[in-house]
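What follows is calculated from the coordinates using simple rules that are stated; it is not laboratory data. Predicted, not measured: the structure shown is a model, and the values here were computed from it. Here Cβ is always computed from backbone atoms with ideal geometry, including for glycine, and neighbour counts include all displayed protein chains.
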Amino acid sequence: MSDRPHYGIDAPPLPFVLGAAGAACALAALRLPAARTPLALAGAVLLAGAGVYFHTTLRGKFRVWDEILDGTGLRGDERLLDMGCGRGAVLIAAARRLPRGRAVGVDLWSFDQSGNRPDATLANAAAAGVADRVEVQTGDMTALPFPDASFDVVTSAMAIHNIPSAEGRRHALDEAVRVLRPGGRLVIADPAPFTRRYAAHLGQGTPRGLGPRYWYSGPWVAASLLRAVKS
Ligand SMILES: C[S@@+](CC[C@H](N)C(=O)[O-])C[C@H]1O[C@@H](n2cnc3c(N)ncnc32)[C@H](O)[C@@H]1O
């Protein structure tokens, strides 16, 4: 077993496609003097986008979530649900802050993260030393397999927007609220246009941008944070 967690790459083909397209543009710029400037510019933007993407998925999002969770004011004994937990980037960061609590992840294990499997998440929890307080369940966040009011906090990172329909995304939000106890907190990171719609559906919260450390290639796919409280 690996001695440290490995969290994979989000939407794995994308940064490689960006990098390959950037390299192709750079090579073409060398061979086509007539179009050198636009090709070189396109190559630079695409290669920089691939670099930003890799930084976000391998490092930046972890730093951002450390700050988000530190700013969530956890006591350490909460039950937290991470919807679309994947290999556990947020689930395990939360579990580290819940020495007397429980961190539960739910996911369908899609290809939206490389090596996405429940045993990979549990191996990461073991490598991080939090296996005793982490569990994962296979399930759809639009129909959560948990009773009403069974969590103090629900988190979700770059997952709800993957649900193809607006109706499905609203179901996921309603499910998050259903499983929260009154006064429980909802903490969602998703691309900005989505979090604005979530705030409108929930009737509360003001999304805020999370900065370049959470850009998937550039500001055109920027994560933003929405916090809400169940009344
Ligand atoms: C980009 S990954 C993010 C994983 C993790 N939250 C992170 O930040 O590293 C999106 C995750 O959402 C999951 N997902 C997508 N739709 C889902 C659904 N309807 N129910 C549960 N999980 C879902 C995918 O399987 C994938 O693991």
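Below is a table of values for the structure above.
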quantity	calculated
Residue among 38, 5, 13, 33 that is within 16 Å of the ligand (Cβ to nearest atom) and either surrounded by fewer than 16 Cβ atoms within 10 Å (Cβ to Cβ) or without any contact (Cβ under 8 Å) to a residue 40 or more places away in the chain (or both)	13
Looking only at the stretch 62-91, and only at residues there that are assigned to a loop (DSSP other than H, G, I, E, B) and more than 11 Å from the ligand (Cβ to nearest atom), the one that is farthest from residue 211 (Cα to Cα)	77
Every pair of residues 6+ apart whose Cβ atoms lie under 7 Å, when the first sits in the stretch 103-115 and is touching a residue at least 24 places away in the same chain (Cβ under 8 Å) and under 14 Å from residue 179 (Cβ atoms) while the second is hydroxyl-bearing (Ser, Thr, Tyr) and near the ligand (Cβ under 10 Å from one of its atoms)	105/121
Residue within the stretch 120-137 that is on the phi > 0 side of the Ramachandran plot and surrounded by fewer than 17 Cβ atoms within 10 Å (Cβ to Cβ) present	yes
From 149, 94, 126, residue being assigned to a helix (DSSP H, G or I), under 22 Å from residue 226 (Cβ atoms) and more than 10 Å from the ligand (Cβ to nearest atom)	94
Scan of the stretch 176-204 for residues that are without any contact (Cβ under 8 Å) to a residue 40 or more places away in the chain, within 19 Å of the chain's Cα centre (by Cα) and outside any strand (DSSP E or B), ordered by number	192, 193, 194, 195, 196, 197, 198, 199
